[in-house]
Amino acid sequence: MKAIRILFVMVVLSVLMSGCSGVQGTANDGKEIIQVAVSAEVNPPFLRNDENNEPTGYDIEYLKAVDERLPQYEFKYVWGEEESNLIGVGAGKFDMAINWFFSNPEREEKFLYPETPYGYSMTGLIVHKDTNNIESLDDMTDKELAPVSASGGLRSILNAYNEQNDPPIPLTTVDNPSNENNLKRVESGRSDAVFLNITTFEAIQKNLQLDLKVGGIVSKEPVYVVFQPDHEELAEEINHVTEELIEDGTLPELAEKWFGVNFFDDLEDISVEGFQYE
Amino acid sequence: MLTVSNLHKYYGDTHVLKGIDIEVKQGEVLSIVGPSGSGKTTLLRCMNYLEKPSSGQLSINKVDIDAKHVSKKQIHTLRQQSSMVFQQYNLFKNKTALENITEGLMIAKKMPKSEAEEVAESFLKQVGLSERKQAYPNELSGGQQQRVGIARAMAMNPAVLLFDEPTSALDPEIVGDILAIIKDIAKQGMTMVIVTHEIEFARSVSDQVVFMDQGEVVEKGKPADVLVHPSHERTKRFLKRIHQEPDFII
Amino acid sequence: MTFGLSDWINILGQVLDRLPLTLAMLVVSLIFAMLIGIVIAFIRIEKIPVLHQLATVYLSFTRSTPLIVQLFLVYFGIPQLLLTFGIDINHWSRFVFVVITFSLHTGAYLSEVFRSSYLSVGKEQLEAAYSVGMTYPQALRRILIPQAFRVALPNVGNHTIELLKDTALAFTIGIIDIMGQVKLILGNNYGVGMFQIYVAIAVVYWIICILIELVILWIERSQRKKHAGISN
Amino acid sequence: MAGIDLQFALEQVPKILQGVPYTLLVTIVAMIVGLVIGTILAFFRIYRVPVLHQLTVLFVSFFRGTPLIVQLFVFFYGLPMLILSLNDTFQWGLNPDIMSPLVIALIAYSINSASYLTEVVRSAIQSVDKGQLEAAKAVGMTTFQGMYRIILPQAFVTALPNLGNHFIMLIKASALAFTIGIMDVLGISRVIANDGYRFLETYLVAALIYWLLSIIFEIILARIEKRARTFEGRASNTA
């Protein structure tokens, strides 16, 4: 009798565990499917969702251009929050992830980065119109910086700065800080500066017209796609295509379209002072 | 009709039934009396296999069971030979008075619903509760609940009816009514085993009385012998105490 | 930036478009959670060796660790574990993974609800069922479960509401439920109007929760008469 | 499982443990303040105080029916907005940042916790036999004295298992405090993880710490419950 009970439990469990059949790793036309994790913390113009909740933006148009030139692959886009996506790439659930990922030595240890960045992100300190004494992170050690997220590229720059410099910048951490709220804090004098991507600031500024300006550019970060460590071939192929896309003007055109500036050409024009990664 | 032979029951190390032998003939009424803790309720519950005897043989209506090796099916068949009236009534709380009776008829006896209801109504009538048949247990008084309990047990048409102190949870003024109903059933020739504290009732209703103490049958025989002229010292002490009790209460 | 009425209607429309998905997660997870709850309660009541100990560890872990950790373990951990046995479930729909996580989580709580409500019915009811000749399965179906159901109902309602709120976590792995849609809208707005939008989504959850409470109340009322005595 | 760097995980344990005081602070404050508010609200409901009774029902329903994370955000962004608008209306000069994220978290958790505890306290008080209060009055106590000296101590024992469950729930729920910047166990885990994208390792460490905390408190609660129940034990022995 007990055996029957245990059997019953096993059957129920196995029914639970099975559920639905798996999707094949290859599509019908023989193309290999590449699972691309797309960050659900959207940040236009790099990434946003369209009215059907499909991802779009510079990131996606770049990947679509890559996909066109690699007929052996078919990219499939999967939403997920950034932390979850990175765990997923590490665990082998996704082949790659995109979300303007910055590079640093610790991360390169865990993930595979291609050589060529697919774009750049300028980070800067946004200050009140009348503030003239904040130009770099060094000016922030005795000032109040608006809350920053615990994860993401901006946080990494700040963490690295604080590790290498004394005194450190005092940080307040918030999950998904509201950019609007942060900028209004600076406008009303509750904080001295916001550490933000310049493109994000400019897009918000178009809507809100706050009494703010860019106090100083902190860094110009190359942004990358990250791969599972054992996907060297895929990374190599995509790296190659990315170079082509930059050379033949496809990516500069996209940058112009989404950002209004070709950050590939203008690289030398932008003063890259202040803190930088080794 | 019903025989118990050499029945033992242990709770862990405690020996609560020490080799009980009892025989009840067709149509006979057996009362079991004794001080509380003597094991009489346990013995009754063993007859219905609500308690599992540790060893011994049980036989009701030609269904024989040896406690040492017994299957679930045997237990089920044995249970169907008897029906129990509980001290705390134990009506199904989610069923009406009528449903409490039809439930066993439909489920265990596979009787069609209409027929079961007919049977149930006739038994409810017998215990004088026809007008409350749609009431749920919580809407009935203790006496009314016990009447349903008796009707439910009788409706199963068992070979033996078992009563477990059927009046000890009732208000004194109700006790007489319930005892009268039980007496009525006895007159119809039903085989019954009754565990009771009501000595006077046991004397008048029984064909046979068993006096138990400390897990043993001390004395058994005709009510007039056991309850009026007991031969054993323990029985005498018990009866004396019972008769004195009213002085204490008042 | 302030929103006009049409903006609000537009935002609400987008969010409500995702409501069926939230409700689907809720209902499917709840059904499986009940099955798990019944099985685990059974194992614990019957004290089935080995499974009983496993169930205790499972209950302790599920009830003491944050749900997000459990979601990650199911979404990333289990597929990797199975991969070592050569079973690839990585391509299953994410919906399946959240349903597994939520079912296991809520199932742990429900098993305790079921166990205690079963035990609350009392041995006497089972004995009464035996005495009228029923078998255990018959007693279970006709007498014990209907009574336990009534005792369990309010707690099942509470856990359903907790589950509803937990479904908001599904967006972590990219399922765009009502909460996810809110986050996407905010992302596209650069966080503009965060406070107002969060108040609005709170009201949406609140309304669903009140509807759940009404359903529970309705079931309770329809059962009340039969069972009023159980509380005595 | 492949891909998990156990050594890294182990190295992070001391760092992540530094979040335990914050986790406990949020949990314990929310428990105590929530219990005080919950008891007051429970009396509004038991005595059906007009207006306050209905408001309590509304309060409980809202805070139990909406996700905690939404409540945290509403408090985090809403309280400064409230102060700013008060400043505008009354020409006050209050500092909208007077409340640190920690204070806001404590307020939000206490109020959320109160909504759950209102029901726990109410049902516990109502489970105490009515005759107990009548007996207290019969020996000359006022209603308040009877409540305080007789009813509440008995209700506390009835409520203990639910209070314990709620406490364990709060330990886990406190992990969300991170969303508004509290460096609790989960918060520290995420910050550490970010530099090398090692979320799985730190989350596992965090999960084990939460589990351990819960087990410790379950043991403590079992002891308290055993002690609180002594009067029941003696009562049944003498019966």
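The values are calculated or read from the model by the stated rules, or taken from the named source; none is laboratory data. Nothing here was measured: the structure is a model prediction, and the numbers come from that model. Cβ atoms come from the backbone with ideal geometry, glycine included; neighbour counts cover every protein chain shown.
Go through the range B:81-113 and give me each residue that's under 22 Å from C:Gly122 (Cα atoms), in a loop (DSSP other than H, G, I, E, B) and either more than 13 Å from chain C (Cβ to nearest Cβ) or not aliphatic (A, V, I, L, M) (or both).
Once the filter is applied, which keeps residues that are under 22 Å from C:Gly122 (Cα atoms), in a loop (DSSP other than H, G, I, E, B) and either more than 13 Å from chain C (Cβ to nearest Cβ) or not aliphatic (A, V, I, L, M) (or both), the range B:81-113 yields B:Phe86, B:Gln87, B:Gln88, B:Tyr89, B:Asn90, B:Phe92, B:Lys93, B:Asn94, B:Lys95, B:Thr96.
Would you pick out the residues in the range B:47-59 that are part of a loop (DSSP other than H, G, I, E, B), more than 9 Å from every other protein chain (Cβ to nearest Cβ) and either more than 16 Å from the chain's Cα centre (by Cα) or free of Cβ contacts under 8 Å to residues at least 40 places away in the same chain (or both)? Can you show your working first?
Residues of the range B:47-59 part of a loop (DSSP other than H, G, I, E, B): B:48-54.
Now narrow it down to the ones that are more than 9 Å from every other protein chain (Cβ to nearest Cβ): B:51-54.
Answer for the range B:47-59, where residues must be part of a loop (DSSP other than H, G, I, E, B), more than 9 Å from every other protein chain (Cβ to nearest Cβ) and either more than 16 Å from the chain's Cα centre (by Cα) or free of Cβ contacts under 8 Å to residues at least 40 places away in the same chain (or both): B:Lys52, B:Pro53, B:Ser54.
With within 28 Å of D:Lys172 (Cβ to Cβ) and touching a Lys or Arg at 6+ places or on another chain (Cβ under 8 Å) as the only criterion, which of C:Ile212, C:Ile201, C:Ile178 stands out?
Numbers: C:Ile212 fails: touching a Lys or Arg at 6+ places or on another chain (Cβ under 8 Å); C:Ile201 fails: touching a Lys or Arg at 6+ places or on another chain (Cβ under 8 Å).
The conditions single out C:Ile178.
Let me confirm something: among D:Ala42, D:Ala124, which residue is in a helix (DSSP H, G or I), touching a Lys or Arg at 6+ places or on another chain (Cβ under 7 Å) and closer than 21 Å to D:Pro161 by Cα?
The unique qualifying residue is D:Ala42.
A:Thr173 versus (1) within 14 Å of chain C (Cβ to nearest Cβ); (2) surrounded by 21 or more Cβ atoms within 10 Å (Cβ to Cβ): which is the lone unmet condition?
With (1) within 14 Å of chain C (Cβ to nearest Cβ); (2) surrounded by 21 or more Cβ atoms within 10 Å (Cβ to Cβ) applied to A:Thr173, the lone miss is (1).
Residues that are facing another protein chain (nearest Cβ under 7 Å) and closer than 24 Å to A:Glu83 by Cβ: does the range C:50-62 have at least one?
Within the range C:50-62 (the criterion being facing another protein chain (nearest Cβ under 7 Å) and closer than 24 Å to A:Glu83 by Cβ), the answer is yes, since at least one residue qualifies.
Yes or no: C:Thr84 over 25 Å from C:Ile145 (Cα atoms) and under 15 Å from the mean Cα position of the chain (by Cα)? Don't jump to the end; show me each part of the working.
Values: over 25 Å from C:Ile145 (Cα atoms): yes; under 15 Å from the mean Cα position of the chain (by Cα): no.
Here the answer is no, as C:Thr84 does not meet what is asked.
Consider the range C:147-204. How many of its residues are more than 20 Å from A:Tyr77 (Cα to Cα), within 7 Å of another protein chain (Cβ to nearest Cβ), small (Gly, Ala, Ser) and part of a helix (DSSP H, G or I)?
2
Can you pull out the residues in the range A:38-53 that are part of a loop (DSSP other than H, G, I, E, B), farther than 13 Å from C:Gly180 by Cα and touching a residue at least 12 places away in the same chain (Cβ under 8 Å)? Explain how you work it out, then say what you get.
We begin by selecting, within the range A:38-53, every residue part of a loop (DSSP other than H, G, I, E, B); these are A:40-42, A:44-46, A:50-53.
Retained after the next criterion (residues that are farther than 13 Å from C:Gly180 by Cα): A:44-46, A:50-52.
Hits for the range A:38-53 are A:Pro44, A:Pro45, A:Phe46.
Is it fair to say B:Leu43 is assigned to a helix (DSSP H, G or I), away from chain C (no Cβ under 14 Å) and under 28 Å from C:Val121 (Cα atoms)?
Yes; evaluated as a whole, the condition is true for this residue.
State all residues of the range A:179-202 that are touching a Pro at 6+ places or on another chain (Cβ under 9 Å) and either without any contact (Cβ under 8 Å) to a residue 40 or more places away in the chain or surrounded by fewer than 20 Cβ atoms within 10 Å (Cβ to Cβ) (or both); if no residue qualifies, say none.
A:Asn181, A:Asn182, A:Arg185, A:Ser188, A:Arg190
Got at least one residue in the range A:81-101 being away from chain C (no Cβ under 13 Å) and in a helix (DSSP H, G or I)?
no
Yes/no per residue for (1) within 23 Å of the chain's Cα centre (by Cα); (2) surrounded by fewer than 21 Cβ atoms within 10 Å (Cβ to Cβ); (3) more than 20 Å from D:Ile28 (Cβ to Cβ):
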{"residue": "D:Ser127", "(1), (2), (3)": "yes, yes, yes"}
{"residue": "D:Lys137", "(1), (2), (3)": "no, yes, yes"}
{"residue": "D:Tyr148", "(1), (2), (3)": "yes, yes, yes"}
{"residue": "D:Leu152", "(1), (2), (3)": "yes, yes, yes"}
{"residue": "D:Ile168", "(1), (2), (3)": "yes, yes, no"}
{"residue": "D:Ile182", "(1), (2), (3)": "yes, no, no"}
{"residue": "D:Arg190", "(1), (2), (3)": "no, no, yes"}
{"residue": "D:Ala206", "(1), (2), (3)": "yes, no, no"}
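Of the numbered conditions (1) farther than 30 Å from C:Arg150 by Cα; (2) small (Gly, Ala, Ser); (3) at pLDDT 90 or above; (4) under 17 Å from the mean Cα position of the chain (by Cα), B:Ser83 satisfies every one except a single condition; which is it?
(1)
Residue by residue, here is whether (1) part of a helix (DSSP H, G or I); (2) under 30 Å from C:Val69 (Cα atoms); (3) touching a Leu at 6+ places or on another chain (Cβ under 7 Å); (4) of a type outside the set (D, E, K, R) holds:
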residue	(1), (2), (3), (4)
D:Leu133	yes, no, no, yes
D:Gly146	yes, no, yes, yes
D:Ala159	yes, yes, no, yes
D:Met183	no, yes, no, yes
D:Ile192	yes, yes, no, yes
D:Tyr203	yes, yes, no, yes
D:Trp211	yes, yes, no, yes
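Tell me which of these A:Tyr113 doesn't satisfy, since it passes every other one: (1) more than 20 Å from A:Gly215 (Cβ to Cβ); (2) in contact with an Asp or Glu (Cβ under 9 Å, 6 or more places away or on another chain).
With (1) more than 20 Å from A:Gly215 (Cβ to Cβ); (2) in contact with an Asp or Glu (Cβ under 9 Å, 6 or more places away or on another chain) applied to A:Tyr113, the lone miss is (2).
I need the full set of residues from the range B:60-80 which are within 16 Å of the chain's Cα centre (by Cα) and more than 8 Å from chain C (Cβ to nearest Cβ), in order please. If you could, list the steps in order and put the result at the bottom.
Of all residues in the range B:60-80, those within 16 Å of the chain's Cα centre (by Cα) come to B:60, B:78-80.
Answer for the range B:60-80, where residues must be within 16 Å of the chain's Cα centre (by Cα) and more than 8 Å from chain C (Cβ to nearest Cβ): B:Ile60, B:Leu78.
Within the range C:63-106, which residues are within 13 Å of chain D (Cβ to nearest Cβ) and small (Gly, Ala, Ser)?
Correct list: C:Ser64, C:Gly77.
Looking at (1) surrounded by fewer than 17 Cβ atoms within 10 Å (Cβ to Cβ); (2) within 24 Å of D:Met169 (Cα to Cα); (3) at pLDDT below 90, which is the only condition C:Val57 fails?
For C:Val57, the failing item is (3).
Mind checking which residues of the range D:49-97 are without any contact (Cβ under 8 Å) to a residue 24 or more places away in the chain, among the polar types (S, T, N, Q) and within 10 Å of another protein chain (Cβ to nearest Cβ)?
Listed by number, the residues that qualify are D:Ser61, D:Thr66, D:Asn95.
Please go through the range C:73-97 and pick out each residue that is in contact with an Asp or Glu (Cβ under 9 Å, 6 or more places away or on another chain) and either crowded, with 19+ Cβ neighbours inside 10 Å or closer than 20 Å to C:Leu163 by Cβ (or both).
The answer is C:Pro79, and nothing else.
Could you check the range D:90-115 and list, in sequence order, the residues that are modelled with pLDDT under 85 and part of a helix (DSSP H, G or I)? Walk me through it before giving the result.
The initial filter retains those residues of the range D:90-115 that are modelled with pLDDT under 85, namely D:90-101.
Residues satisfying the conditions are D:Phe90, D:Pro101.
Kindly list the number of the only condition in (1) farther than 30 Å from B:Thr102 by Cβ; (2) crowded, with 17+ Cβ neighbours inside 10 Å; (3) more than 9 Å from every other protein chain (Cβ to nearest Cβ) that fails for C:Ser116.
Here C:Ser116 meets the rest and fails (2).
Out of all the residues in the range A:230-248, is one or more over 30 Å from A:Pro170 (Cα atoms), within 14 Å of chain C (Cβ to nearest Cβ) and not in a helix (DSSP H, G or I)?
Yes, the range A:230-248 has at least one match.
Considering only the range B:20-40, how many residues are more than 14 Å from B:Val160 (Cα to Cα) and either basic (Lys, Arg) or assigned to a loop (DSSP other than H, G, I, E, B) (or both)?
7
Specify the residue that is nearest to A:Tyr77 (Cα to Cα); the eligible residues are those in the range C:80-107 that are assigned to a helix (DSSP H, G or I) and free of Cβ contacts under 8 Å to residues at least 12 places away in the same chain.
The selected residue is C:Val96.
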